[in-house]
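The values are calculated or read from the model by the stated rules, or taken from the named source; none is laboratory data. What you see is a predicted model; the values in this text were computed from it and never measured. Cβ sites come from the backbone with ideal geometry, for glycine too, and all protein chains shown count toward neighbours.
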Amino acid sequence: MVLWSTSLLHIASLCFFINTSPSNSFQATTSRDTHTSISLATESNHDSTKKIQTAALLENAKEIDSSLASGNAVGDFCENTWSNRLGTVLTPVAKGVYTGDRPFYWNKIDVGGRMCVIQLDDGNLWVHSPIDFDEKTANALKELGNVKYIVSPNYEHLKYARQWSEKFPEAFMWGCPGLSQMLPEIEWEGEIPYGLTRPSESDNLKNCWDFDVIVPLHLNMETNPFTGKPFFNEVVFYHKPSKSLITTDIYWNYPQKDGIPNSHLEGSNDDHGLAPTVGSIPLGTRLWKFGMDKIYLPFYKRLMINDKQRYEDVVTMIVDEWEIETSIPCHGDVIRGREKIREVLTRHFKIN
């Protein structure tokens, strides 16, 4: 039902058609050149740091996948495609943070899907947007810790919630606001409080993780114009220790048709082996990207956001307050680098 309503909204949205002045002074030019030199030096330092960090993550990946450990460029869990570039059951993306990257098909179109797993200090695991369960995934998780929290972050990513609640009956199931009414057959431990902006605003929730470690932010500023109700009703998360942003459907990063990760961005983008280039992206996926970027996103910004001030406050918190070093979307490629992510998110969320 939810996927059907999504497709209806996408189809309906098809009908919705959518200087700085130059300086003449030598002093201004010199100042600008100096700033550029500093920026380039800073960028170079960041690239060096990123290379060291991703090299360590790749070594971590070799501990998970025997094919990588044997010197191969990709893992042996599955064929590497844009929706699982490394071909591994789990991929390290930051210290203590892993993703389960899988194809996800909508009307035979691979739109990709990504589960995020975070190791907590007590040895337990926090799982975001679970993927289709299989024994290899279960075994990989056992090596990392005990699955304690399973989070369904919005109204769309629900397909495997019941499956995981049955496979991990001791885990605490958490959802976005209103999800317990949508899926009453699941024994939910609780919901992220409606409109939650800062951890300090939350009540004392039982059997919940520390909101000062994995910070939730409820995006309560949208209305589906066809139903009068929230559409995604998403909660995004910021993992403070790794400085990682975890999003579901409010932000996506589908690849360009060349198969190179983040080829639309400047700098080295293959994560030094963590995200290998693949063959050309399938036509269906490219069309989906076009629809999401050029049709759905303008539609969402213009007709679904019902509280512009709340939207601006949320964007300010994500872009300016959270010191994001790694962006982990459920759909598309991971992005690394504070300034690069800030630029990408600012452009994505901009209304005008």
*Between residues in the stretch 196-221 that are farther than 10 Å from residue 235 by Cβ and residues that are assigned to a loop (DSSP other than H, G, I, E, B) and of a type in the set (Ser, Thr, Tyr), which pairs lie under 9 Å by C-beta distance while being six or more apart or on different chains?*
208/202; 211/202
_Give me the residue from the stretch 129-169 that is among the polar types (S, T, N, Q) and in a helix (DSSP H, G or I) and, out of that set, nearest to the chain's Cα centre (by Cα)._
137
*Could you list all residues from the stretch 85-125 that are of a type in the set (Phe, Trp, Tyr) and either in a loop (DSSP other than H, G, I, E, B) or surrounded by fewer than 23 Cβ atoms within 10 Å (Cβ to Cβ) (or both)?*
104, 105, 106
*asked:* Name the residue that is surrounded by the fewest Cβ atoms within 10 Å (Cβ to Cβ), counting only residues in the stretch 202-235 that are touching a Phe, Trp or Tyr at 6+ places or on another chain (Cβ under 8 Å) and part of a strand (DSSP E or B).
replied: 215
*Is it true that residue 71 is part of a loop (DSSP other than H, G, I, E, B), on the phi > 0 side of the Ramachandran plot and surrounded by fewer than 22 Cβ atoms within 10 Å (Cβ to Cβ)?*
yes
*Provide a single number: the residues in the stretch 264-297 that are surrounded by 15 or more Cβ atoms within 10 Å (Cβ to Cβ) and either within 22 Å of residue 109 (Cα to Cα) or touching a Cys at 6+ places or on another chain (Cβ under 9 Å) (or both).*
16
*Provide a single number: the residues in the stretch 108-145 that are under 20 Å from residue 235 (Cβ atoms) and among the hydroxyl-bearing types (Ser, Thr, Tyr).*
1
_For the list (1) small (Gly, Ala, Ser); (2) under 16 Å from the mean Cα position of the chain (by Cα); (3) modelled with pLDDT under 95, I need the number of the one condition that residue 327 fails._
(3)
